[in-house]
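Student: Sending over a structure as structure tokens; questions will come in a sec.
The values are calculated or read from the model by the stated rules, or taken from the named source; none is laboratory data. Worth saying up front: this structure is predicted, and the values here are computed from it rather than measured. Neighbour counts run over all protein chains shown; Cβ positions are idealised from the backbone, glycine included. Only protein heavy atoms, including side chains, enter the accessible area calculation; ligands, DNA and RNA are left aside. Shrake-Rupley method; radii C 1.70, N 1.55, O 1.52, S 1.80 Å.
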Amino acid sequence: MKLWSKGFEPDKMIEEFTVGADRELDLKLARYDVQGSMAHIRMLESIGLLTKDELEVLLKGLSEIAETIERGEFTIEPGVEDVHSQVEFLLTSKLGDVGKKIHSGRSRNDQVLVDLKLFMRDELRSVAKAVERLFECLQKQSERYKGVLMPGYTHLQVAMPSSFGLWFGAYAEALVDDMQMLAAAYKIANQNPLGSAAGYGSSFPLNRTMTTELLGFEALHYNVVAAQMARGKTERAAAMAIGAVASTLGHLAMDVCMWMCQNFGFVSFPDELTTGSSIMPHKKNPDVFEIMRGKCNRLQSVQNEIALLTANLPLGYNRDLQLLKDIIFPASTELIQCLDMAVFMLEHIRVKENIVDDPRYDYLFTVEEVNRLVLQGMPFREAYKKVGLEVQDGTYKPVREVKHTHEGSISNLCTKQIAEKFSKVAAQFE
Ligand code: ARG
């Protein structure tokens, strides 16, 4: 059963190879396919290609299909290629000839494009919501632990005093930039490709402004060829944003893994949030953060996969584009899982107090000492030398006191200002 059937059925092996995972993946597009069809037929009626009565019948038929989708009862039958075919077949078998009218001025090429735009828009919004949950958790923990100092490192060597307030807060603010990337990807997704048909438009006087409004898109992809080019570019922008969030989260996961190591011992978790070893009875491993780190590293390769899949394709639709779904669909789901897991874990994190009292961290405070001398009038380079020589001959005595007051430092985290930055970006998803 093919929309393009011309009296012969394709070979079974050809069918399986070309349909691939579509019957399963397309289920994610089903609700959007119906939305797109509803907008399309309203527009067809407005330009006289459907009567009012036909429109009513078709809208009712499509609503019934939408209900089966929401109930989780919609499937793509064996032998049917994709969601677009399934919806049209259902409509035609229910309503007869009027069902055969909905595809005027449309191709599956712009149909799948519009489905994907609507889908990506929702997915990016869900990712942004998950980022917001982690952002809020990080800000809360940053305020809660702002008085707990920890060593700051450069070159993985003891450097200067830091704090858990700074650490949690740093990842919160890093997420603001990642949200900008998500917002950009969202803006790219939020454009209407419907009406580009096979990629070169139609001789019907389609009203593309009308479908743009009906589907709540922010803008129209005007040029029909540009609209078709958006297949791949939309996914690529989303993958870049997903990769940006993943890189922040992967980095955080690495910190936690390292700090759970006994050599550091800065953080720990309740036993039931750790995992054990089959041979070493003492183990409480950070598997959650290792899996998170691995998943986040893999997620950063999604944009490369998309780049390679789409590199140098001929202009216009090519079936290769179908494979984008296999790559991008699992990515947002996986990222949201990682983000939510991070929230769950960080809500239960235990941080060690008084870490910096350990003599191994004495040198964290050398710059504090230099600055104290500068404030007493000694030129910086002389003060630097004096403290350097004390370290060298073993007479340096740390004063474990930290007075960092400028914006974004230990005692002035600017949590509120960072929250305001976040809200501004988050507002772009409304
Ligand atoms: N499953 C196809 C895809 O995802 C739908 C479009 C088919 N178009 C075509 N010309 N064969 O790209």
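Student: Using every Cα-Cα pair within region 84-229, state what percent have a distance larger than 23 Å. Walk me through the numbers before you get to the answer.
Tutor: Working: 6058 of 10585 pairs.
Taking all Cα-Cα pairs of region 84-229, the fraction more than 23 Å apart is 57 percent.
Student: Dipole of region 109-175 (Lys/Arg Cβ +1, Asp/Glu Cβ -1, origin at the Cα centre): which of S126, Y171, V158 lies farthest to the positive side?
Tutor: Positive-end residue among those listed: V158.
Student: Another question, if that's okay. For region 221-235, what does the Karplus curve 6.51 cos²θ - 1.76 cosθ + 1.60, with θ = phi - 60°, yield as ³J(HN,Hα) per residue in whole Hz, taken in order and with x for Gly and Pro?
Tutor: Those phi angles translate into 7, 5, 5, 5, 6, 4, 4, 5, 5, 5, 5, x, 6, 5, 5 Hz.
Student: Okay, moving on. If I model a spin label as a point 7 Å beyond the Cα along the Cα-Cβ vector, how far apart are those points for R400 and S203 in nm?
Tutor: So the label points at R400 and S203 sit 8.5 nm apart.
Student: Could you work out how far helix 164-189 tilts from the main Cα principal axis of the chain, as a 0 to 90 degree angle to the nearest 10?
Tutor: 20
Student: Rounding to the nearest 20 debye, state how big the charge dipole of region 232-343 is about its Cα centre with +1 on each Lys and Arg Cβ and -1 on each Asp and Glu Cβ. Numbers along the way, then the final one.
Tutor: Working: 9 positive and 11 negative charges, 54 e Å.
That gives a dipole near 260 debye.
Student: M258 to E9: extension gain in nm, 0.36 nm per residue of separation minus the Cα-Cα distance?
Tutor: Details: separation 249, 0.36 × 249 = 89.64 nm, distance 5.86 nm.
Additional length available on full extension: 83.8 nm.
Student: Which of rounded, prolate or oblate describes region 260-403 when judged by the alpha-carbon gyration tensor and an a/c cut-off of 1.5? Let's see the in-between values first.
Tutor: Details: a/c = 3.74, a/b = 1.81, b/c = 2.07.
Because a/c hits 1.5 or more and a/b fails to exceed b/c, region 260-403 counts as oblate.
Student: What length, rounded to one decimal in nm, is gained on full extension from Q337 through to E64, with 0.36 nm per residue of separation minus their alpha-carbon distance?
Tutor: On the way: separation 273, 0.36 × 273 = 98.28 nm, distance 3.20 nm.
95.1 nm is the gain from fully extending Q337 to E64.
Student: At what distance in angstrom do the alpha carbon centres of region 289-314 and region 322-343 lie from each other?
Tutor: Here the two parts' Cα centres lie 11 Å apart.
Student: Could you order the peptides 237-248, 11-22, 419-430, 288-299 from most to least packed, using the average number of other C-beta atoms within 10 Å per residue? The partial results should precede the final answer.
Tutor: Details: 237-248: 24.2, 11-22: 12.2, 419-430: 14.4, 288-299: 19.2.
The most tightly packed comes first, giving 237-248, 288-299, 419-430, 11-22.
Student: Still on this model: Consider just the alpha-carbon atoms of region 1-151 and return their Rg together with their Dmax, both in angstrom.
Tutor: 21.6, 76
Student: With r as the distance between the Cβ atoms of N304 and T51 and R0 = 60 Å, compute the FRET efficiency 1/(1 + (r/R0)^6) and round to 0.05. Numbers along the way, then the final one.
Tutor: On the way: r = 50 Å, r/R0 = 0.84.
It comes out at approximately 0.75.
Student: Right, here's the next one. In vacuum, with every alpha carbon of region 212-268 counted as one equal point scatterer, what does the Debye formula give for log10 I(q)/I(0) at q = 0.29, 0.30 Å⁻¹? Two decimals, please.
Tutor: -1.05, -1.07
Student: Roughly how big is the chain's charge dipole about its Cα centre, with Cβ charges of +1 (Lys, Arg) and -1 (Asp, Glu), in debye to the nearest 20? Can you show the working numbers first?
Tutor: On the way: 48 positive and 58 negative charges, 176 e Å.
In debye, rounded to 20, the chain gives about 840.
Student: Please give the calculated 222 nm ellipticity per residue for the chain, where each DSSP H segment of at least 4 residues contributes -39500 (n - 2.57) and the sum is spread over every residue; nearest 500 deg cm²/dmol?
Tutor: -19500 deg cm²/dmol
Student: Still on this structure, I have one more. With everything on Cα atoms, drop me the angle between helix 83-95 and the longest principal axis of the chain, reported from 0 to 90° to the nearest 10.
Tutor: The angle comes out near 40 degrees.
Student: Label 7 Å along Cα→Cβ of Y222; region 114-136 residues with amide nitrogen under 11 Å?
Tutor: Backbone N within reach: none found.
Student: Here's a follow-up. Using a 1.4 angstrom probe, figure out how much accessible area the chain has per residue, in square angstrom, rounded to the nearest whole.
Tutor: Working: 21580 Å² over 430 residues.
I get 50 Å² per residue for this part.
Student: Next up: Determine, from the Cβ-Cβ distance of D287 and D358 and an R0 of 22 Å, the FRET efficiency 1/(1 + (r/R0)^6), rounded to the nearest 0.05.
Tutor: After rounding, the FRET efficiency stands at 0.20.
Student: Let me ask something additional. Under the 0.36 nm per residue contour assumption, what length would be gained going from the current alpha-carbon distance of K416 and F17 to full extension? Before the final figure, lay out each step's value.
Tutor: Values: separation 399, 0.36 × 399 = 143.64 nm, distance 5.41 nm.
Length difference between fully extended and current span is 138.2 nm.
Student: Rounded to a whole number, what % of the accessible area of region 48-148 do carbon and sulfur atoms account for, probe 1.4 Å?
Tutor: Details: 2130 of 4230 Å².
About 50 percent, which is the carbon plus sulfur part of the accessible surface.
Student: For K352, go through the lysines and keep the ones whose alpha-carbon is under 24 Å away, minus same-chain ones fewer than eight residues off.
Tutor: K140, K146, K283, K284, K397, K403
Student: Place the peptides 126-137, 378-389 in order of packing, highest mean first, counting for every residue the other Cβ atoms within 10 Å and averaging per peptide. Each step should come with its number before you reach the end.
Tutor: Working: 126-137: 19.7, 378-389: 13.8.
Per-residue Cβ counts within 10 Å, averaged per peptide and sorted highest first, yield 126-137, 378-389.
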